[in-house]
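Below you'll find the structure, written out as structure tokens, and then a few comments.
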Amino acid sequence: MSQRAIDWWVGIFVLLGIAALAVLALRVGNLSGFAYGNGYVLHADFNNVGSLKDRSPVKLGGVTIGEVTHIGMNPQTFRAEVTMRIEPSIKLPIDTGASIYTQGLLGEQYVAIQPGGMPQNLKPGATITLTQGAVNIDQLIGQMVFDKASGSSSGSSTH
């Protein structure tokens with residue numbers, strides 16, 4: 001095999017390796033959200049979004065059906081507005097709810113969708129009004145410690 005042919009084969013393998021690394025980086029970085037590019041947009045207002053980020057998953061029954069595309073503040077209501085792009089094949093009833101959950105104890109946050117039972121579906125651009133914001137772990141731990149401390153100090157003495 002000539003030196004020129006070897007150089008061509010080495011070049012092809014290097015290009016394939018770079019392409020494989022690029023695909024891997026996109027998959028690991030959850031940047032391959034092109035599947036929802038032609039989906040429809042829904043909004044949801046939350047009192048607290050915690051550490052939810054753009055491109056966070058939107059899940060229904062544990063299955064990813066979309067992604068968060070924008071998080072902003074509504075200046076009239078002072079609530080966080082979350083914009084989501086949903087897979088076009090998923091039609092959600094108008095009484096659908098949305099909550100922000102965390103995967104595991106310290107995992108990433110995502111929007112969990114709870115579909116309602118009404119026969120009418122949300123139209124593109126609609127706002128989900130039944131929402132539950134992110135749970136603040138620090139507040140929960142602080143409240144638990146406070147409750148425990150106040151419970152032990154108000155205990156009766158046996159004297």
- Query: So which of 157, 150 is at pLDDT below 85 and part of a loop (DSSP other than H, G, I, E, B)?
  - Reply: 157
- Message: One residue is enough: does segment 125-141 have a residue meeting the conditions exposed (fewer than 10 other Cβ atoms within 10 Å of the Cβ), within 21 Å of residue 54 (Cα to Cα), small (Gly, Ala, Ser) and modelled with pLDDT under 90?
- Response: no
- Residue check for residue 113: hydrophobic (A, V, I, L, M, F, W, C) and either modelled with pLDDT of 90 or more or in a strand (DSSP E or B) (or both): yes
- Of the numbered conditions (1) under 14 Å from the mean Cα position of the chain (by Cα); (2) surrounded by 10 or more Cβ atoms within 10 Å (Cβ to Cβ), residue 122 satisfies every one except a single condition; which is it? (1)
- Report, by residue number, each residue of segment 88-147 that is in contact with a strand residue (DSSP E or B) (Cβ under 9 Å, 6 or more places away or on another chain) and among the aromatic types (Phe, Trp, Tyr). 101, 110
- Message: Checking the structure you have, find out if any residue of segment 53-61 is surrounded by fewer than 14 Cβ atoms within 10 Å (Cβ to Cβ), touching a residue at least 40 places away in the same chain (Cβ under 8 Å) and basic (Lys, Arg).
- Response: yes
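The values are calculated or read from the model by the stated rules, or taken from the named source; none is laboratory data. Keep in mind it's a predicted model, so treat the numbers as computed, not measured. All Cβ positions, glycine included, derive from the backbone under ideal geometry; neighbour counts span all protein chains shown.
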